[in-house]
Amino acid sequence: MSRDGFGSKLGIIAAAAGSAVGLGNIYRFPCELGNNGGGAFLLVYLLIVLGLGVPVMLSEFVIGRKTQKNPIGAFKMLKPKSGWPIIGYMGVGCALVIMAFYSTVAGWTLEYIVKAVGNQFKDKDLATIEQEFTAFHDIGWKNVLWQGIFIFLTAFVVFKGVADGIEKYSKVLMPLLVVILMVLAIRSVTLPGAGDGLTFLFKPDFSKITGSVLISALGQAFFSLSMGMGVLITYGSYIKKDDNMTTSALSVTLSDTLIAVLAGVVIFPAAFSFGVQPTAGMGLVFNTLPMIFNQMAGGYYFCIIFFVLLAVAALTSTISLLEVIVAYLVEEVHIKRRWATVIAAVACMAVGVFASLSLKSNTSLTIGGKSIFDSLDFVSSNILLPLGALFIVIFVGWIMGKSKFFEEITNGGQLKLSLKGVIYFIIKYLAPIAIMVIFISGFIK
Ligand code: TRP
């Protein structure tokens with residue numbers, strides 16, 4: 001079967017960055033950081049991203065480009081008649097789980113675009129904005145409706161195919177998001193009392209580093225970089241044979257991390273200035289941001305542009321998630337692309353409804369004391385992604401082996417890569433041990 005390739009070198013970086021940069025950076029990162037001790041979390045997060053980000057990402061790219069297949073097909077081809085394709089199935093399941101709660105928040109970005117256009121935050125104080133956010137969750141059908149619209153939009157783009165679908169959208173708009181975040185960061189750090197927020201973000205309190213902080217940082221790193229479930233195997237399968245995958249992985253990792261930190265610089269100084277608790281979770285972002293726009297010249301327009309860009313960032317991420325499910329249905333179950341897209345979208349929606357409705361204040365949709373939303377988030381990021389990543393690096397390090405790995409990342413010897421030995425060492429020994437240690441520490445109280 002012939003596969004589309006990405007149109008250019010920038011194409012694959014843009015698409016992988018489009019998958020990586022999303023609500024994970026702007027919404028989830030501040031939430032996790034706020035709930036896990038601020039600066040201590042940031043430090044651990046950066047260490048994990050720098051140490052494991054590029055090697056794990058490269059492992060996925062290598063598997064994908066070598067086999068030119070979806071994750072399940074890839075493992076079947078590299079290790080026939082073995083249990084390894086289970087990683088692929090796990091990835092497809094994980095994509096469904098992430099889609100289910102991710103699309104809830106993605107739907108809110110649409111609601112907030114409408115609110116922004118209607119100038120509905122103007123002159124409101126924090127208490128009112130907070131109360132309206134809660135009230136919005138209590139109108140369950142409205143959340144579900146926006147979620148459905150968002151999933152429909154995603155399905156529409158996925159249906160149009162990889163090359164012209166994903167590439168076009170991500171190239172132009174993501175740099176614009178960075179510019180807006182920079183403007184917001186400047187406004188945020190110049191608010192009265194902003195210094196406390198910067199201290200919270202950048203000054204690590206080492207006594208706060210616990211097993212659960214470690215596992216949260218690990219989960220957030222994989223979540224934010226879209227690693228550990230085969231998204232990047234699928235994308236790797238579209239990378240051209242003469243592209244330098246190492247520099248691609250490096251640029252994606254760095255830009256994703258930069259955007260997350262930038263989001264932190266936007267959120268925390270302002271949150272401390274306005275009196276939003278760093279542990280406020282989703283409110284941290286959705287309530288703080290409108291307050292910042294209220295304090296800005298041209299805030300009305302910035303607010304609209306920001307939420308539009310956030311929606312687009314979320315869309316390029318949901319595209320990559322849905323694509324994993326669709327590619328599986330098309331290539332392994334042999335369903336026509338159109339129907340595969342419909343089935344995948346309906347499945348995401350069917351689970352997603354419960355995630356959305358579980359955020360009502362009087363909800364009974366809980367699992368072990370956590371809302372279904374939080375449970376899906378926890379299971380995917382803190383369990384499935386680390387496990388997926390663990391198996392992927394073990395596969396590349398121990399099953400695929402050094403020579404095949406070197407051959408792939410050097411494009412058959414054409415590229416000089418002085419660090420290839422170090423990268424392979426990390427993949428084979430360091431990454432599996434680090435992931436296992438962190439994973440286990442997360443379950444020891
Ligand atoms: N990385 C995206 C974000 O930060 C979310 C995402 C998209 C993702 N595809 C993924 C997370 C695959 C894990 C695996 O918003």
Expected 222 nm ellipticity per residue - DSSP helices of 4 or more, -39500 (n - 2.57), all of the chain, to 500: -22500 deg cm²/dmol
Nearby aspartates and glutamates by direct alpha-carbon distance to K124 (threshold 19 angstrom, same-chain neighbours under 8 apart not counted): E111, E132
Go through the stretch 288-369 and name the trypsin sites (Lys or Arg not before Pro) that are in a DSSP coil and have 10 or fewer other Cβ atoms within 10 Å of their Cβ. K336
Average accessible area per residue (Å²) across the chain - probe 1.4 Å, nucleic acids and ligands excluded: 38
In degrees, nearest 10, the alpha-carbon axis of helix 385-394 is tilted away from the dominant principal axis of the alpha carbons of the chain by 20
With Q120 itself left out, Lys, Arg at +1 and Asp, Glu at -1 over residues whose Cβ is under 15 Å from its Cβ give -1
For the stretch 162-289, the percent of accessible surface on carbon and sulfur atoms (probe 1.4 angstrom, ligands and nucleic acids excluded) is 70
Run the dipole for the chain about the Cα centre, Lys and Arg Cβ at +1, Asp and Glu Cβ at -1, nothing else charged, and hand back the magnitude in debye, nearest 20. 1160
If you line up the long axis of helix 299-331 against the longest principal axis of the chain, both from Cα atoms, how many degrees apart are they, to the nearest 10? 30
For the stretch 320-445, the dipole about the Cα centre with charges only on Cβ (Lys and Arg +1, Asp and Glu -1), to the nearest 20 debye, works out at 140
What nm distance separates the two modelled labels at K81 and D196, each placed 7 Å from Cα along Cα→Cβ? 6.7
Putting +1 on Lys and Arg Cβ atoms and -1 on Asp and Glu Cβ atoms, find which of F268, P85, Q220 reaches farthest to the positive end of the dipole of the chain. P85
C-alpha long axis of helix 431-441 to longest principal axis of the chain, angle in °: 40
Looking at the square roots a ≥ b ≥ c of the eigenvalues of the Cα gyration tensor of the stretch 118-239, which shape do they give, rounded for a/c under 1.5, prolate if a/b is larger than b/c, or oblate? oblate
Measuring from centroid to centroid over Cα atoms, what is the spacing of the stretch 288-352 and the stretch 24-43 in Å? 22
Taking r as the C-beta separation of A350 and T279 and R0 as 30 Å, the FRET efficiency to the nearest 0.05 is 0.40
If you put +1 on each Lys and Arg Cβ and -1 on each Asp and Glu Cβ, how big is the dipole of the stretch 124-261 around its Cα centre, in Debye rounded to 20? 280
By how many nm would the segment from S364 to I180 grow when fully extended, if each residue of separation counts as 0.36 nm and the alpha-carbon distance is taken off? 62.3 nm
Once both labels are modelled 7 Å past Cα along the beta-carbon direction, what's the A135-L254 spacing in nm? 4.7
Starting from the stretch 203-292, pick out the trypsin sites (Lys or Arg not before Pro) whose DSSP state is loop and whose Cβ has at most 16 other Cβ atoms within 10 Å. K240, K241
When the chain is modelled as a GNM with alpha-carbon springs shorter than 10 Å, which of I72, I325, I139 fluctuates the most? I139
Between K203 and T247, how many nm apart are label points set 7 Å from Cα along the C-beta direction? 4.1
Quote to one decimal, in nm, the extra length available between R337 and K402 on full extension: 0.36 nm per residue of separation minus the C-alpha distance between them. 19.8 nm
Does the stretch 9-444 come out rounded, prolate or oblate by the C-alpha gyration tensor, with a ≥ b ≥ c the root eigenvalues, rounded set by a/c under 1.5 and, if not, prolate when a/b is larger than b/c and oblate if not? prolate
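The values are calculated or read from the model by the stated rules, or taken from the named source; none is laboratory data. The structure presented is a predicted model; accordingly, all values stated were derived computationally and were not measured. Please note: Cβ atoms are built from the backbone with ideal geometry, for glycine as well, and neighbour counts cover all protein chains shown. Ligands, DNA and RNA are stripped out before the accessible areas are found, and what is left, the full protein with its side chains, is counted by its heavy atoms. Shrake-Rupley method; radii C 1.70, N 1.55, O 1.52, S 1.80 Å.
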